[in-house]
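Any read-out appearing in this document is the output of simple, stated calculations on the displayed coordinates, not a laboratory observation. None of the values given here were measured: they were computed from a predicted structure. Counting neighbours? That spans all protein chains shown, and the Cβs are built from the backbone with ideal geometry, glycine included.
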Amino acid sequence: MTDTTFDTTTVTMTAEEMVALTKEHTFFSWSAQGAVNPIPMTRAKGVYFWDANGKRYFDLNSQLMCVNIGYGDERVIRAIQQQAETLAYAGPSMATQVRAELGRELASVTPDGLKKFFFVLGGAEANENAIRMARAVTGRQKIIARYRSYHGATAGAITLTGDQRRWANEPGIPGVIHIFDPYKYRSPLYREGDSDEVFVRKCLDQVEEVLMYEGPHTVAAIFIEPVTGTNGIIVPPDGYLQGLREICDRYGILLICDEVMTGLGRTGAWFAVDHWKVVPDIMTMAKGLTSAYLPLGAVAINRRVADYFENNVFYGGLTYSAHPMCLAAAVANLRVLKEDDLVGNSRRMGKVMGELLEDLKAEHPSVGDVRHIGLFGCIELVKNRKTKEPIAPYTGGGPEMTKLVAFLKEKGVYAFTWRNLLHTNPPLCVTEAELREVFEIINEALAIADEAVRD
């Protein structure tokens, strides 16, 4: 019999050929196509990846905050291979063993009461379906989200998004209202010396004021990232999430938490809401659910939501919902997170990273603020600490940030920057030695930002 196996793993192109052909035939997201300059990535292991020229990069952002367990884990790879050999695809109406196993595994780590899951292919799809569910269950249309948020690029998710990525996609879906985040560093509600309790009360009072103008009886859900992600790793003060939960309960509003970035160990807990012992009505997840070995997202729902759909049709679905190979990756990924205690490692290494971030703040006048929880962190860069003038505009860009990224790339560090923010979100398997090594390079790079500081 003729061998019909196709080998797509052997690198036979030069770096230049890979980049040229990729740019010729593919369309890149969030980019002016003429400005695209991709790294020709060929292989990866642990916290590192290599380009086609053999250069090694430390992945300071886990790609898009998603490779939680690190690259190349053989346990996940074997699980995918075995599932492909057994059952590569089953339609979404089918029951499969891997679907049963993932439900059980996931229910063992989600907050109490969130034990039923709708499987999708990513975070944006999870958030779209959370919107749909909330409106159906409550019979209301309005959704309250926050300005410093990102929820995805599909129609509903980008409307929920508060940052400037929303602008080009407006008007979007109707009924979305934005409020401000508990962003102590820049909030006009915060006064120097205020306790967290005072600041939280002001933030929650502002939420209630918006509700009074909108009519609480018209609001289906308050939809938040428990810890703001790309827009600055804004960690809410204690009492804020608990206060939102109380407001939602009082007015019959659903609390929806987008844990696409924060979930599955990123913050040093299984889910960010666990830090505050708050249980949302709906929780979305993706990214770390499979550590991006294959695409998968999920919507976790509580009993109130699940019960509504016992006798009411859910008008939503996807051809690849509960795709067996993606589910197999998730089962294996969850087991790796447990077996290797990567949630605990995120918590332990998060303390180390926090100390390193605070050291940078003490040393560099360009560092206005650092924020971190687990292995979820960022450095906010400014031109003046007193005025807090950002080193780059709200819409992004700026020569200093461009130079900073180029320096890090040259030194073998792949970093994610957004406006005046440098993110530090390494894989959860990172060691203390690896952290210290990469932070030495970050320390060097910040000299570039210091040059922009004005007294």
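Exposure proxy ranking for MET13, MET285, MET65, based on other Cβ atoms within 10 angstrom of each Cβ and starting from the fewest, stands as MET13, MET65, MET285.
Applying a DSSP loop filter and a limit of 11 other Cβ atoms within 10 Å to the chymotrypsin sites (Phe, Trp or Tyr not before Pro) in the stretch 346-409 leaves TYR394.
Only Cα sites of the chain enter the Debye sum here, all with the same form factor; the resulting log10 I(q)/I(0) across q = 0.06, 0.09 1/Å is -0.26, -0.60, listed in q order. Computed across the stretch 1-114, the Kirkwood hydrodynamic radius from all distinct Cα-Cα pairs reaches 18.2 Å.
Once you have all Cα-Cα distances for the stretch 74-339, histogram them in 10 Å bins from zero and send the whole-percent values. Histogramming the stretch 74-339 at 10 Å steps yields 7, 30, 35, 20, 6, 1, 0 percent. Computed over the Cα atoms of the stretch 158-221, the ratio of the radius of gyration to the Kirkwood radius (Rg/Rh) comes to 1.04.
Taking 20 Å as the straight-line reach from the Cα of LYS277, the lysines in range (excluding those fewer than 8 positions away in the same chain) are LYS115, LYS116. Stokes-Einstein diffusion for the stretch 46-192 at 25 °C, viscosity 0.890 mPa s, with a Kirkwood radius from C-alpha pairs, works out to 127 µm²/s. Summing Lys and Arg as +1 and Asp and Glu as -1 over all other residues whose Cβ lies under 12 Å from the Cβ of ARG347 gives a net charge of +1. Taking other C-beta atoms within 10 angstrom as a stand-in for reagent exposure, THR387, THR424 fall in the order THR387, THR424, fewest first. Within the same chain, aspartates and glutamates fewer than 8 places from LYS383 are excluded, and of the rest, those with a Cα less than 17 Å from its Cα are GLU363, ASP369, GLU400, ASP450, GLU451, ASP455.
In the stretch 285-324, the inverse of the mean reciprocal separation of distinct Cα atoms equals 12.0 Å; this is its Kirkwood hydrodynamic radius.
Rounded to the nearest 5, the antiparallel percentage of DSSP beta bridges internal to the chain is 65%. For the stretch 227-315, applying the loop criterion from DSSP together with a ceiling of 16 other beta carbons within 10 Å to the chymotrypsin sites (Phe, Trp or Tyr not before Pro) yields PHE314, TYR315. Here SER187, SER31 are placed in order of increasing Cβ neighbour count within 10 Å, fewest first, which gives SER31, SER187. Of the Cα atoms belonging to the stretch 132-268, the radius of gyration and Dmax stand at 14.6, 44 Å. With the helix formula -39500 (n - 2.57) applied to DSSP H stretches of n ≥ 4, the chain reaches a computed 222 nm mean residue ellipticity of -12000 deg cm²/dmol. Pairs over the 18 Å Cα-Cα cut-off, from the set LYS361/LYS388; LYS287/LYS409; LYS184/LYS386: LYS287/LYS409. Looking at the stretch 74-339, the DSSP beta bridges with both ends there are about 40 percent antiparallel. Only helices at least 20 Å long along their own axis, judged from Cα atoms, and with Kyte-Doolittle mean hydropathy of 1.0 or greater: name those in the chain from DSSP H. In the chain, no H run is both long and hydrophobic enough.
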